[in-house]
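Chemist: I'd like to ask some things about the structure below.
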Amino acid sequence: MDNPVVQSKLKSQNNVSAPDTNPRIRIDGESTRMSILRSARRRLCEGGYAQLNVRDIARDAGVNHALIGYHFGGKQQLVLAVLDDANKQLLERQSRMYNDTASASQKWQQACEFYEDDLQSGFVRLLMELMGASFTDEALRSEFLPRLLAWHELVEAAVSDFIQDSDLKLPVSARAISAWIRWFWTGMEASMAPGITEEQGHQREALAAVAVLLRTVESRTRTKTAPARRRKS
């Protein structure tokens, strides 16, 4: 005679749902995540960190606000994910530029063009909003600073490579030069993000002046290294 207890156990085991491996569900989940990221970035750049609200983000993204907690855990983790999404692409872009064989002045000019793109895309505003928020939010600051300093590390590596490849003998370190460059850019970003105009701050004039100085140095370096012409006897 069949044991009803055993039959019940077998039936319950057979009814256990297998893990859902449907690729469509995974794709939909990623689509939802990206919609939330886009909405959060737009809200952050338009209204600022202080006004950021997960319910507004969810409404813009067309999803239930509970999905923000599911995908990101909360507001702070969400804004860091927004920064990470942008940072990864832009750091890779900068790295490709630094690894190019162009001259220092050409790379500086390219960096200036990238900066204009980043102003238009809202990335500079995003960075400055999170920097400002991190002043009074220790938890956010501990997460934000390593992401900011990743740019400094990239610039320092590029400066070190340039000095070594150019066989330059300088009285200052690559670390100091890279600090000049990065804090110069940070100052530019901090002045332009709130709307200080060119007439007030002369930021683009300063950027162009650096390119002129670099071209001047490159021109003098080429002159010194060019082989001297032999005089006719």
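Chemist: Going by the conditions given, is Asp84 assigned by TED's automatic domain parsing to the domain that holds Trp185, surrounded by fewer than 16 Cβ atoms within 10 Å (Cβ to Cβ) and touching a residue at least 24 places away in the same chain (Cβ under 8 Å)?
Modeler: The answer is yes for Asp84.
Chemist: Need pairs with beta-carbon distance below 7 Å; first residue not assigned by TED's automatic domain parsing to the domain that holds Gln51 and within the range 133-148, second assigned to a helix (DSSP H, G or I) and among the small types (Gly, Ala, Ser); sequence gap 6+ or separate chains.
Modeler: Within 7 Å, the pairs are Leu140/Ala133; Leu140/Ser134; Arg141/Ser134; Phe144/Ser134.
Chemist: Here is a list of conditions, (1) more than 17 Å from the chain's Cα centre (by Cα); (2) assigned to a helix (DSSP H, G or I); (3) charged (D, E, K, R); (4) closer than 30 Å to Arg204 by Cα, and Arg59 meets all of them except one; can you say which number that is?
Modeler: (4)
Chemist: Quick check, is Glu92 in the same structural domain as Ile196 (by TED's automatic domain parsing) and loosely packed, with under 13 Cβ neighbours inside 10 Å?
Modeler: Answer is yes for this residue.
Chemist: Closer than 22 Å to Gln51 by Cβ, polar (S, T, N, Q) and surrounded by 15 or more Cβ atoms within 10 Å (Cβ to Cβ) - does that describe any residue in the range 126-146?
Modeler: Within the range 126-146, one or more residues are closer than 22 Å to Gln51 by Cβ, polar (S, T, N, Q) and surrounded by 15 or more Cβ atoms within 10 Å (Cβ to Cβ).
Chemist: Go through the range 31-68 and report how many residues are farther than 25 Å from Asp118 by Cα, surrounded by fewer than 15 Cβ atoms within 10 Å (Cβ to Cβ) and not polar (S, T, N, Q).
Modeler: 4
The values are calculated or read from the model by the stated rules, or taken from the named source; none is laboratory data. What you see is a predicted model, and the numbers here were worked out from it, not measured in a lab. Cβ sites come from the backbone with ideal geometry, for glycine too, and all protein chains shown count toward neighbours.
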